[in-house]
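Taking it in order: structure first as structure tokens, then the write-up.
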Amino acid sequence: VQLQASGGGSVQPGGSLRLSCAASGSVFSLNTMGWYRRAPGKQRELVATVTDGSKAFYAEFAEGRFTISRATASNTIDLQMNVLKPEDTAVYYCLYRRYNVESWGQGTLVTVSS
């Protein structure tokens, strides 16, 4: 499975960004897609995931500010990020997971700074 992420960039605190990720190749049902991030000097952490049945899970820091959505027909997920904070600055990685098989996107940089 190949993942193509887009939508990163720079924004001021309180602003919004939308990330998108499209999966292509051998995409089968009963999978989960989502976003992880790695901030400078920190370990990679879960942001949000969504199954192909549209069941979503959010990290605590993302609850209420981020919304993950999925267009199953096109194997595309979006992450709407609102009320961004400087601590949201990170490289965001798209993930596809099905059972024990994972594919990762190339990462897209999100910078939140005034």
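Bear in mind that the values in this text are calculations on the coordinates, not laboratory data. Computed from a predicted model, the values in this text were never measured in an experiment. Glycine also receives a Cβ, built like all others from the backbone with ideal geometry; neighbour counts cover every protein chain displayed.
At a glance:
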| read-out | value |
| --- | --- |
| Net charge dipole size for the chain [Lys, Arg +1 and Asp, Glu -1 on Cβ; Debye, nearest 20] | 100 debye |
| Dimensions (Å) - the range 67-114, Cα atoms, principal axes, largest first | 39, 20, 15 |
| Cα lying deepest toward the dipole's positive end in the range 47-114, options 105, 75, 94, charges on Cβ | 75 |
| Placed amide H near residue 31: partners under 5 Å, 5+ positions off or other chain | 52 |
| Kirkwood-based shape ratio for the range 39-94, expressed as Rg/Rh from alpha carbons | 0.98 |
| Principal axes of the range 8-114: Cα extent on each, largest first, Å | 42, 25, 22 |
| Fully extended contour minus Cα-Cα distance, from residue 57 to residue 82, at 0.36 nm per residue | 7.3 nm |
| Loop trypsin sites (Lys or Arg not before Pro), the range 28-93, which have at most 16 other Cβ atoms in a 10 Å radius of their Cβ (DSSP) | 42, 44, 55, 65 |
